[in-house]
1. When you scan the stretch B:83-161 for strands (runs of 3 or more DSSP E) that lie fully inside it, which ones turn up with 3 or more residues that are open to solvent by 10 Å² or more (accessible area, probe 1.4 Å), within 14 Å of another protein chain (Cβ to nearest Cβ) and farther than 26 Å from B:GLU263 by Cβ?
2. Does at least one position in the stretch B:207-222 carry a residue that is modelled with pLDDT under 90, within 21 Å of B:ALA12 (Cα to Cα), part of a helix (DSSP H, G or I) and open to solvent by 20 Å² or more (accessible area, probe 1.4 Å)?
3. For the stretch A:31-42, which residues satisfy the criterion of being in contact (Cβ under 8 Å) with a residue 24 or more places away in the chain and either more than 16 Å from A:MET133 (Cβ to Cβ) or open to solvent by 60 Å² or more (accessible area, probe 1.4 Å) (or both)?
4. Would a scan of the stretch B:60-68 turn up a residue that is surrounded by fewer than 20 Cβ atoms within 10 Å (Cβ to Cβ), of a type in the set (Phe, Trp, Tyr) and under 16 Å from the mean Cα position of the chain (by Cα)?
5. Which helices (runs of 4 or more DSSP H) sit wholly inside the stretch A:68-163 and have at least 2 residues that are within 14 Å of chain B (Cβ to nearest Cβ), open to solvent by 70 Å² or more (accessible area, probe 1.4 Å) and modelled with pLDDT of 85 or more?
6. Does A:LYS60 satisfy the condition of being under 21 Å from A:SER89 (Cα atoms), free of Cβ contacts under 8 Å to residues at least 60 places away in the same chain, away from chain B (no Cβ under 14 Å) and of a type in the set (Lys, Arg)?
7. What is the one condition in (1) open to solvent by 60 Å² or more (accessible area, probe 1.4 Å); (2) in contact with a Ser or Thr (Cβ under 9 Å, 6 or more places away or on another chain); (3) not charged (D, E, K, R) that B:SER77 does not satisfy?
Amino acid sequence: MMYVIVAILGVILFWLISTYNFFVSSKARIKASIQEIGNQLKRQFDLIPNLEESAKGYLKHEKGIFEALTDARKAISGAIKSGDVQKMSDAGSKLSQVLPQIQVVVESNPELKASEVIGKLMDELRDTADKVMYARRLVIDLTADFNVKRVEFPTSLVAGMFKYDELPGLITSEKGEYKVKL
Amino acid sequence: MTMVNIYEAQRANKIKSTIIVAGFFVFVTAAVYILVQATSVYLGYEFGGLGFMGIALIISGISSYVGYYYSDRIVLSISKAREADRKKDFNFYTVSENLAIASGIAKPKLYVIEDSAPNAFATGRDPEHAVVCATIGLLNKLNRTELEGVIAHELCHIKNYDTRLMSVVSVLVGIVALLGDWFLRISFHGRRSDNDKGQLGAILLILGLVFAILSPIIAQLIQFAVSRRREFVADAGSVSITKQPQGLIAALEKISSDTEALEVANKATAHLFIVSPFKGKIKGAVGRFAGLFNTHPPVNERIRTLRSML
């Protein structure tokens, strides 16, 4: 009889610990992902002027793209300053929408296409956009998981014990995401 | 073909995989038990002599443990790989970085094999010691989206501890093979015990003989089945990370349509690759039989499964 009780208590304790760990590690991972988004936005903020500078000569009659780039950069710097997750995520997708347009121009212009500097900058920017996308997706998935477990029985007991608040999710339109062209 | 939601596909895959692995353990336990008992009867010991089992476990365990613990270094040295460079292998490097973020594991060490046959594999005993290796052919032939599919597949192997699973499985296959081999040797050359063990003893001897001949093959067949199942699991996992089945589909098509054979691959490392490095197809009944010995499911079948997730 003793053993049965001890075994049951052991199982409960194990479950409590693993549930607690789930909540704690989710929070930590969400925080890390948000930081990652911030880091990538800073990278974009630094990379955009370089791209503008090196492509200036070729993009003279592509005013729209320039404006969009400057716009994206403004949004990025504003988002970084505000530190707001939603704003950061939106700013990240702004650049994702401009990049394919630039890619089209680059592809159509042999001189631009041959330029190693611009190719490199485009690669780097595309990479930052991808990283923002994946980090953002992770934030969305993890928050959803966290919030479901927070209210679902029996994990809600643990959430109640430690008074976890519902985490604010991200609103995002997947269609705005940047896809690499085949 | 009905539409399958990724999560359902993943769950079904995991259940099937668990059943195969569980079946494997049951089979190995039965085979080892019968071989040990039959050997004991032959040598005139009482039932339950576990000495042989112990010796087999030690021998098979050591060889596999070394393989498991140093799998990354061994495979890399066999494959003549060099470490990936962010500048030189920009897509490979950054795609792995991104997908590591997405799947929540640390970025594995990245290596490149200078071979023009497109292929990739993952190894390492746990996510902290994981290695993803791609051939230069793969990196040159795939675009970024396709590469994402392949790398995500490899990261799933890492995240699912497939290297560990396959190591455990190969220890057990080794035990069965050793015990079977010993039993056959003993029964042909060994001395027969004088005292009669009765009917049970006779049954055990016959069973032992059957198991000694068949079980190493059966164990290996199940090992291959486990390996194939893990490929499906990793394919579904890849899609759930990238959300783009078409990337992996296009990659598999490109890799499988390439006729070049990978020079650095051998039978021991074959199960690691994303697509079996051995090419050449046999059709019909012979092909189906040969299929039992494959480490990978047919590419068509994998593509069909992926298409159903589109």
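1. Answer list for the stretch B:83-161: none.
2. Yes; the residues of the stretch B:207-222 include at least one that is modelled with pLDDT under 90, within 21 Å of B:ALA12 (Cα to Cα), part of a helix (DSSP H, G or I) and open to solvent by 20 Å² or more (accessible area, probe 1.4 Å).
3. Of everything in the stretch A:31-42, just one residue is in contact (Cβ under 8 Å) with a residue 24 or more places away in the chain and either more than 16 Å from A:MET133 (Cβ to Cβ) or open to solvent by 60 Å² or more (accessible area, probe 1.4 Å) (or both), namely A:LYS42.
4. So far as the stretch B:60-68 goes, yes, one or more of its residues are surrounded by fewer than 20 Cβ atoms within 10 Å (Cβ to Cβ), of a type in the set (Phe, Trp, Tyr) and under 16 Å from the mean Cα position of the chain (by Cα).
5. A:116-151
6. no
7. Just one mismatch for B:SER77, condition (2).
The values are calculated or read from the model by the stated rules, or taken from the named source; none is laboratory data. Nothing here was measured: the structure is a model prediction, and the numbers come from that model. So basically every Cβ, Gly included, is an ideal-geometry build from the backbone, and we count neighbours across all protein chains shown. Accessible surface areas use protein heavy atoms only, side chains included; no ligands, DNA or RNA. Shrake-Rupley method; radii C 1.70, N 1.55, O 1.52, S 1.80 Å.
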